[in-house]
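First the structure, in the form of structure tokens, and then the observations on it.
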């Protein structure tokens, strides 16, 4: 399976989860390492674009294509598995608790969750501490210019 991640140039050569651990996000608390990826390029772009304006958008984003082997353990969460407010902004603590439990349990390498930005699409959260993580590889990295029309 392929997964996609937009990252700024200095962070696009490795996968660690340390960036997410610094500030926390929708699916992880501060201190919990997790790698956020998307099931397609458009979703990866949308998940980043919602945080910026044209003026604040850094110019050095790269699209990373990841290969996730078919035998890597994956658990899928559906909207029905989530609290009613899971997709609100700012995100509720309940979603961080879900991701934190996923990482702490260590049972699965990848958690497939619905996107809060694009209904019907899924993000793939990766546990960098899982034994299966070693099989996940960056297979391509390329410059990703955002189309300015996205920002109105």
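The values are calculated or read from the model by the stated rules, or taken from the named source; none is laboratory data. None of these values were measured; they are calculated from a predicted model. Note: ideal-geometry Cβ built from the backbone for every residue, glycine included; neighbour counts use all protein chains shown.
Summary table below
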{"quantity": "Filter pass, residue 55 being crowded, with 18+ Cβ neighbours inside 10 Å, out of contact with any strand residue (DSSP E or B) (no Cβ under 8 Å at 6 or more places or on another chain) and part of a loop (DSSP other than H, G, I, E, B)", "calculated": "no"}
{"quantity": "Cβ pairs under 8 Å, 6+ apart, first in the range 84-96 and closer than 18 Å to residue 22 by Cβ, second surrounded by 12 or more Cβ atoms within 10 Å (Cβ to Cβ) and modelled with pLDDT under 95", "calculated": "none"}
{"quantity": "Residue within the range 65-76 that is over 12 Å from residue 125 (Cα atoms), modelled with pLDDT under 95, surrounded by 16 or more Cβ atoms within 10 Å (Cβ to Cβ) and within 17 Å of the chain's Cα centre (by Cα) present", "calculated": "no"}
{"quantity": "Counted residues, the range 3-25 - those being at pLDDT 95 or above, loosely packed, with under 15 Cβ neighbours inside 10 Å and in a strand (DSSP E or B)", "calculated": "0"}
{"quantity": "Matching residues, the range 104-117, being farther than 20 Å from residue 46 by Cα and out of contact with any strand residue (DSSP E or B) (no Cβ under 7 Å at 6 or more places or on another chain)", "calculated": "104, 105, 106, 107"}
